[in-house]
Amino acid sequence: MATLETQYKLFTEKNPHYSHWTYKQWLDWWSYSVKEAIEEGFEPTVSDDFQIGPDGAFEHTDDFSEIQIRYKDIDCDTGLITEDNLISVCYTEQSAKWVLFALDELEKESTNPNRTIYTIPRI
């Protein structure tokens, strides 16, 4: 979950007429809103489309396709694929980019020069 500071920043960006609120004013309003919701028996919505992004939590409702991130090892003597496995399945281009970035950083430390990481988009 996004920090309260991040939620405050996003709130003021999305509601410019409240941009003059200090963090303390927003926190007081937020706390009161949460208290009222609990007292009224508010049940939170649970969604399978919930995601965490760089700007905090959001519900992803766009259509998406599956992107498989795989690796294969090639024997340098024979040129044959010795191993081909699934690393991750991503449902957005952005999440696939994050996974590929992380894998690229790991590959820099790898001792296997014959490993190739690739993606397979599936609609």
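The values are calculated or read from the model by the stated rules, or taken from the named source; none is laboratory data. Only a predicted model underlies this, so the values are computations on that prediction, with no experimental measurement involved. All Cβ positions, glycine included, derive from the backbone under ideal geometry; neighbour counts span all protein chains shown.
Numbers at a glance
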| read-out | value |
| --- | --- |
| Unmet criterion (only one of (1) modelled with pLDDT of 70 or more; (2) exposed (fewer than 15 other Cβ atoms within 10 Å of the Cβ); (3) farther than 29 Å from Thr6 by Cα) for Lys108 | (1) |
| Those residues of the range 1-27 which are charged (D, E, K, R) and at pLDDT 85 or above, in sequence order | Lys9, Glu13, Lys14, Lys24 |
| Residue tally, condition in a helix (DSSP H, G or I) and not basic (Lys, Arg), over the range 1-21 | 12 |
| Number of positions in the range 70-104 that are among the β-branched types (Val, Ile, Thr) and at pLDDT 80 or above | 4 |
| Cross-chain or 6+ apart pairs with Cβ under 6 Å, the range 78-101 first and over 13 Å from Gln68 (Cβ atoms), then surrounded by 13 or more Cβ atoms within 10 Å (Cβ to Cβ) and modelled with pLDDT of 80 or more | Ile81/Lys72; Ile81/Ile74; Thr82/Asp73; Glu83/Asp73 |
